[in-house]
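Below: one structure, written as C-alpha cells.
Throughout, read-outs are computed from the coordinates displayed, never taken from laboratory work. Keep in mind it's a predicted model, so treat the numbers as computed, not measured. We place every Cβ from the backbone using ideal geometry, glycine too, and count neighbours over all the protein chains shown.
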Amino acid sequence: EDQVTQSPEALRLQEGESSSLNCSYTVSGLRGLFWYRQDPGKGPEFLFTLYSAGEEKEKERLKATLTKKESFLHITAPKPEDSATYLCAVQAGRDNDMRFGAGTRLTVKP
Amino acid sequence: DGGITQSPKYLFRKEGQNVTLSCEQNLNHDAMYWYRQDPGQGLRLIYYSQIVNDFQKGDIAEGYSVSREKKESFPLTVTSAQKNPTAFYLCASSTKQGAVEAFFGQGTRLTVV
C-alpha cells in the first residue's frame, strides 16, 4: 500500500535556526511529489512539485529536494511568518489523486 | 481572479440531517477533488472527478455523495449515514493531464450539534 510519512510531527525553531523537514514515501511509479504550506483554518497553499530524483526547487527561504525514497524541505534562516504546517503529497500510478502525509507543524520563535 | 471558492466557511448539522458543501472553480480545470482533514491526520480523499458526469470513490467515500453536472462545480453531500462527520473539508482542482499540483479552496468546517 502506498504510504507517505512525514517527520518530525512538530518542530520548534528559533528565528534564524535552519533545519529540514522529511517526507519519506513508499509508492509504485512515482509521478510527482508536492509540498504545501497550510496555515490554521485555511486551505493548503502550493509550494513545489518535484518529479525525479536529484531535482531541487527553491523559493525564498525554502528549498525542496528529492531522492528515490524521500524528500526534504530545507528552511534556511526561518522567520516567525514561516510558522505553519507543511504537507507532503505524492502522485503515483495512473490516477491523478494525491496521497498526503500527516504534516509537520513548524513553529518559529522570534 | 481565478480560484476555488468553498461555501459556507462554517456549517452546523443536526444529527440525522443531510448537508451539502459547495465548491466552485473558475480555473477551467478538468479534475476536482474532495478531501477530509482531521486533527493530527493527513488529508484523506473522499471523492474525485476527472471529467463532467463522472466521479470515483476515494478512500473514505462511505456516507458521502457527489455530483459533477458542470465543469465548474463539484458539490459534496454529507449524508446521515456518515457517523462522524465533524471535520474540515477541502475541495481542490487540477488540470487532468500529467502529474500536476492541485489547488485548494479555503475549506468548510462542519460541526455536528
Short version: ³J(HN,Hα) in whole Hz for each residue of the range A:43-52, in order, from phi by Karplus 6.51 cos²θ - 1.76 cosθ + 1.60 (θ = phi - 60°), x for Gly and Pro, what are they? x, x, 10, 5, 10, 9, 10, 10, 10, 9
Taking the beta-carbon count within 10 Å as an exposure proxy, list B:91, A:88, B:23 from fewest neighbours to most. B:23, B:91, A:88
For chain B, what size does the Cα cloud have along each of its three principal axes, sorted from largest down, in whole Å? 39, 27, 26
HN-Hα J couplings of the range A:82-92 from phi, Karplus 6.51/-1.76/1.60, θ = phi - 60°, integer Hz, Gly and Pro as x? 7, 5, 4, 9, 9, 10, 10, 9, 10, 10, 8
Taking Rh as the Kirkwood radius, which is the inverse of the mean 1/r over Cα pairs, what is the Rg/Rh value for the protein assembly as shown? 0.97
May I ask you to evaluate 6.51 cos²θ - 1.76 cosθ + 1.60, the Karplus curve with θ = phi - 60°, for each residue of the range B:40-49 and list the ³J(HN,Hα) values in order in whole Hz, giving x for glycine and proline? x, 10, x, 5, 10, 7, 9, 8, 9, 9
Volume per residue of the C-alpha convex hull in chain A, rounded to whole Å³: 91
Dipole size in debye (nearest 20) for chain A around its Cα centre, Lys and Arg Cβ +1, Asp and Glu Cβ -1? 40
Sorted largest first, the C-alpha extents of the range B:55-113 along its principal axes in whole angstrom are 40, 22, 21
Suppose every Lys and Arg Cβ carries +1 and every Asp and Glu Cβ carries -1, with no other charges. What dipole size does the protein assembly as shown come out with about its Cα centre, to the nearest 20 debye? 300
Other chains near A:45-56: what is the mean number of their Cβ atoms within 10 Å of each residue's Cβ? 1
